[in-house]
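Pasting a structure here, questions to come.
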Amino acid sequence: MASFELVSGASASPVILHVPHSSRHIPADVRAGIVLDDAALERELDHITDSHTAEIAEAAADLAGLTPWRFVNRASRLVVDPERFPDDREEMTAVGMGAVYTRTTHREVLRPDGTDPEPLIERYFRPYARAMTEAVAGRLAVTGRAVIVDVHSYPTEPLPYELHGEGPRPPVCLGTDGFHTSPELLAAAREAFAPCGETGLDSPFSGTYVPLDFYGKRADVGALMVEIRRDTYMTEPGGPAGPGLPRLAESLASLVDAVSG
């Protein structure tokens, strides 16, 4: 099983829906390095997984006038987190949640102290980063621009691992970057998600994912993170999706349509 998948969209679409945290899959050899028993691991996956976000992105792609591309992580973020910096730039390393997690959402031991992250970074993180870089380069080559929409979710109540969990937790949080998130992209997102309730900005999570080859260098790569509060579409912490999912997919499709032209 490949650890990620690029799902083709329309050739003329500049949009890539990036879904990095939706999977619960952990290969057996990676599972062997995690100290939690099976029941505790399932509870951790309930909390850490952005459940059903791959379904939201797929439904939005089906609804959009011009089908966006989708880059979907098929491995759990407990294997590696492709959105973290793999070095000292990553602030989440302070709570044991850099590119390779050593602590859980409740700051308990996930992997033993002294675990070497490099084998997992080499096997999973770097191939993912290269493939995402190539996907963005492909959109630039064909359409002259790329728009990355990061699709995430977050719990209604803050978890102990959150470094900035004291702020507002609106139904939809829009994470921005000063270089890659244009005012037009942000305005389009606010309008698209208005039917889902209040949209907030950079709280409780901020920033958005851009491959490092383009980060801070290419203004023709736009990016925005969409963080959806989980109670709006599913039973928390890791339960089934509910009636809010189609509404969110429609809003995401509206955003895709607004930025595709």
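Return the only residue of Thr104, Thr49 being within 26 Å of Pro155 (Cβ to Cβ), out of contact with any helix residue (DSSP H, G or I) (no Cβ under 6 Å at 6 or more places or on another chain) and of a type outside the set (Asp, Glu). If you could, list the steps in order and put the result at the bottom.
Details: Thr104 fails: out of contact with any helix residue (DSSP H, G or I) (no Cβ under 6 Å at 6 or more places or on another chain).
Residue meeting the stated conditions: Thr49.
Can you tell me which residues in segment 178-206 are open to solvent by 30 Å² or more (accessible area, probe 1.4 Å) and aliphatic (A, V, I, L, M)? Step through it out loud before you land on a result.
Going through segment 178-206, the residues open to solvent by 30 Å² or more (accessible area, probe 1.4 Å) turn out to be 178-179, 182-184, 186-187, 190-191, 194-195, 197-198, 201-202, 205-206.
Leu186, Ala187, Ala194, Leu201, listed by residue number.
Rundown of residues vs (1) open to solvent by less than 10 Å² (accessible area, probe 1.4 Å); (2) more than 24 Å from Leu159 (Cβ to Cβ); (3) modelled with pLDDT under 95, yes/no style:
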residue	(1), (2), (3)
Tyr209	no, no, no
Arg218	no, yes, no
Ile228	yes, no, no
Met234	no, no, no
Pro240	no, no, no
Arg247	no, yes, no
Glu250	no, yes, no
Val256	yes, yes, no
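Another question, then. Taking the condition of being on the phi < 0 side of the Ramachandran plot and outside any helix (DSSP H, G or I), how many residues in segment 172-215 meet it?
Narrowing segment 172-215 to residues on the phi < 0 side of the Ramachandran plot: 172-196, 198-201, 203-206, 208-215.
Filter again for outside any helix (DSSP H, G or I), leaving 172-182, 198-201, 203-206, 208-215.
Final tally of qualifying residues: 27.
Let me ask you something else. Can you tell me which of Asp150, Asp177 is within 20 Å of Ala60 (Cβ to Cβ), in contact (Cβ under 8 Å) with a residue 24 or more places away in the chain and charged (D, E, K, R)? Spell out how you get there, then give the answer.
Numbers: Asp177 fails: within 20 Å of Ala60 (Cβ to Cβ).
Among Asp150, Asp177, only Asp150 is within 20 Å of Ala60 (Cβ to Cβ), in contact (Cβ under 8 Å) with a residue 24 or more places away in the chain and charged (D, E, K, R).
Sticking with this structure for a sec: Sort out which residues of segment 53-63 are in contact with a helix residue (DSSP H, G or I) (Cβ under 9 Å, 6 or more places away or on another chain) and open to solvent by 10 Å² or more (accessible area, probe 1.4 Å), and write them in order of number. Talk me through it step by step, then tell me what you get.
Applying the first criterion (in contact with a helix residue (DSSP H, G or I) (Cβ under 9 Å, 6 or more places away or on another chain)) to segment 53-63 yields 55-63.
Passing the criteria: Glu55, Glu58, Ala59, Asp62, Leu63.
Let me ask you something else. Regarding Val226, is this residue among the β-branched types (Val, Ile, Thr), part of a strand (DSSP E or B) and within 23 Å of Glu83 (Cα to Cα)?
Judged against the criteria, Val226 is a match.
Within segment 29-43, does at least one residue satisfy the condition of being in contact with a helix residue (DSSP H, G or I) (Cβ under 7 Å, 6 or more places away or on another chain) and closer than 23 Å to Ile228 by Cα?
Checked against the condition, which is being in contact with a helix residue (DSSP H, G or I) (Cβ under 7 Å, 6 or more places away or on another chain) and closer than 23 Å to Ile228 by Cα, segment 29-43 yields no hits at all.
Give me a count of the residues in segment 144-175 that are closer than 15 Å to Glu227 by Cα and basic (Lys, Arg).
1
Would you check which residues across segment 166-218 are over 17 Å from the mean Cα position of the chain (by Cα) and within 20 Å of Arg89 (Cα to Cα) and list them?
Hits for segment 166-218 are Gly178, Phe179, Asp213, Phe214, Gly216, Lys217.
I need the full set of residues from segment 64-78 which are farther than 17 Å from Ser251 by Cα and either open to solvent by less than 10 Å² (accessible area, probe 1.4 Å) or in contact with a Gly (Cβ under 6 Å, 6 or more places away or on another chain) (or both), in order please. Step through it out loud before you land on a result.
Taking segment 64-78 first, the residues farther than 17 Å from Ser251 by Cα are 71-78.
Those that are farther than 17 Å from Ser251 by Cα and either open to solvent by less than 10 Å² (accessible area, probe 1.4 Å) or in contact with a Gly (Cβ under 6 Å, 6 or more places away or on another chain) (or both): Phe71, Val72, Asn73, Ala75, Ser76, Leu78.
Which helices (runs of 4 or more DSSP H) does segment 4-118 wholly contain that include 3 or more residues that are among the aliphatic types (A, V, I, L, M)?
Values: elements: 28-31, 38-48, 53-63.
Here the list reads 38-48, 53-63.
Could you check Leu163 against (1) at pLDDT 95 or above; (2) open to solvent by 10 Å² or more (accessible area, probe 1.4 Å) and say which number it fails?
(1)
Here's something else I'd like to know. Which residue, of Thr156, Thr133, Thr115, Thr105, is touching a Leu at 6+ places or on another chain (Cβ under 9 Å), open to solvent by 10 Å² or more (accessible area, probe 1.4 Å) and of a type in the set (S, T, N, Q)? Full working, then the answer.
Numbers: Thr156 fails: touching a Leu at 6+ places or on another chain (Cβ under 9 Å); Thr115 fails: touching a Leu at 6+ places or on another chain (Cβ under 9 Å); Thr105 fails: open to solvent by 10 Å² or more (accessible area, probe 1.4 Å).
One residue alone meets the criteria, Thr133.
Mind listing just one residue for me: the one in segment 136-145 that is closer than 16 Å to Tyr215 by Cα and aliphatic (A, V, I, L, M) and, of those, surrounded by the most Cβ atoms within 10 Å (Cβ to Cβ)?
Ranking the candidates gives Val136 first.
The values are calculated or read from the model by the stated rules, or taken from the named source; none is laboratory data. Just so we're clear, the structure is a prediction, and the values are computed from it rather than from any experiment. Positions of Cβ are backbone-derived with ideal geometry, glycine not excepted, and every protein chain shown enters the neighbour counts. Accessible surface areas use protein heavy atoms only, side chains included; no ligands, DNA or RNA. Shrake-Rupley method; radii C 1.70, N 1.55, O 1.52, S 1.80 Å.
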